[in-house]
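Have a look at the structure below, then the notes.
The values are calculated or read from the model by the stated rules, or taken from the named source; none is laboratory data. On a predicted model such as this, the values are computed, not experimentally measured, just so you know. Note: ideal-geometry Cβ built from the backbone for every residue, glycine included; neighbour counts use all protein chains shown. These accessible areas exclude ligands, DNA and RNA; they are computed on the full protein's heavy atoms, side chains included. Shrake-Rupley method; radii C 1.70, N 1.55, O 1.52, S 1.80 Å.
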Amino acid sequence: MEKRTLLTAFRDYLDSMNSADVADFLDGFDWDLQLRQLDPETIPVVRQLQSITAGPGDSLLEMLSQQAHGLHWGRTYGSADFGEHFLRNYGWMELFGSRGHFASGDMAGGFLLLGPDIDYPDHHHIAEEIYVPLTDGSLWSRDRGAFASRNAGEVIHHPSGINHAMKTTDRPLVALYLWRGGPLAEKPKFEGTHHE
């Protein structure tokens with residue numbers, strides 16, 4: 001029941017944004033999703049949720065923090081990809097999708113977590129995606145452009161195949177994501193090298 005409540009809060013948050021980009025992305029999506037039985041799986045970055053104070057109106061972030069240890073968290077990479085520091089400070093939880101708590105073959109959605117001082121290098125993938133940071137102060141680059149600070153509630157749209165990267169400073173990042181139009185479990189392709 002808790003996971004269904006989180007899914008409802010996720011949808012309500014998106015509906016409350018009054019964003020044309022988000023509305024277009026979700027157009028025709030069927031939210032009547034079947035619950036999967038996934039065992040809880042926690043990873044080190046989940047501890048970062050304890051250091052984030054949800055402000056007034058941040059009910060989605062607060063609900064995620066409360067339910068975090070009962071959810072199935074994952075990582076796409078191993079320590080050989082970007083090192084142990086990255087691995088301890090990176091992860092995601094797919095709320096719905098091909099691997100999520102709710103089954104969908106049309107779209108994936110969930111949460112990305114990055115700890116402080118993390119560089120998520122330039123990458124791209126077939127799928128189109130939307131990110132909405134739920135915390136302030138993360139830095140985002142698109143199409144190899146300069147990094148720009150993005151605040152909570154901003155819609156960040158990455159069309160299919162476009163390069164993008166993220167960085168955190170002294171604060172962790174929690175971001176909602178939506179992913180469609182490509183393999184829902186595709187591993188991104190990276191540009192250049194990452195140095196820890």
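Got a sec? Which of Gly137, Gly110 is closer than 25 Å to His85 by Cβ and either touching a Cys at 6+ places or on another chain (Cβ under 8 Å) or at pLDDT 95 or above (or both)?
Matching residue, one of Gly137, Gly110: Gly110.
With respect to the conditions (1) at pLDDT below 90; (2) open to solvent by 30 Å² or more (accessible area, probe 1.4 Å); (3) in a strand (DSSP E or B); (4) not acidic (Asp, Glu), Trp92 falls short on a single one, namely (1).
Those residues that are open to solvent by 20 Å² or more (accessible area, probe 1.4 Å), part of a loop (DSSP other than H, G, I, E, B) and within 25 Å of Leu26 (Cβ to Cβ), I need them from the stretch 61-89; list them, please. Selection gives Thr76 alone.
Residues in the stretch 126-143 that are in contact (Cβ under 8 Å) with a residue 40 or more places away in the chain, within 15 Å of the chain's Cα centre (by Cα) and open to solvent by 10 Å² or more (accessible area, probe 1.4 Å): Glu128, Tyr131, Leu134, Thr135.
Quick one: which residue in Ala146, Ala108, Ala152 is open to solvent by 40 Å² or more (accessible area, probe 1.4 Å) and within 16 Å of Leu14 (Cβ to Cβ)? Talk me through it step by step, then tell me what you get.
On the way: Ala146 fails: within 16 Å of Leu14 (Cβ to Cβ); Ala108 fails: open to solvent by 40 Å² or more (accessible area, probe 1.4 Å).
Going through Ala146, Ala108, Ala152 in turn, just one is open to solvent by 40 Å² or more (accessible area, probe 1.4 Å) and within 16 Å of Leu14 (Cβ to Cβ): Ala152.
Kindly evaluate Asp117 against the criterion of being within 29 Å of Asn163 (Cβ to Cβ) and open to solvent by 50 Å² or more (accessible area, probe 1.4 Å). Before the answer, list the steps.
Working: within 29 Å of Asn163 (Cβ to Cβ): yes; open to solvent by 50 Å² or more (accessible area, probe 1.4 Å): yes.
In short, yes.
Scoring Asp136 on the criteria (1) part of a loop (DSSP other than H, G, I, E, B); (2) more than 22 Å from Val46 (Cβ to Cβ) leaves a single failure, condition (2). On inspection, Gly161 does not qualify as open to solvent by less than 10 Å² (accessible area, probe 1.4 Å) and either part of a strand (DSSP E or B) or not basic (Lys, Arg) (or both). Applying the set (1) in a strand (DSSP E or B); (2) of a type in the set (A, V, I, L, M); (3) without any contact (Cβ under 8 Å) to a residue 12 or more places away in the chain to Ala146 leaves exactly one unmet item: (1). Kindly provide the set of residues from the stretch 113-134 that are among the small types (Gly, Ala, Ser) and modelled with pLDDT under 90, ordered by number. Answer for the stretch 113-134, where residues must be among the small types (Gly, Ala, Ser) and modelled with pLDDT under 90: just Ala127. For Leu49, the test of being within 17 Å of Gly97 (Cα to Cα) and surrounded by 18 or more Cβ atoms within 10 Å (Cβ to Cβ) is failed.
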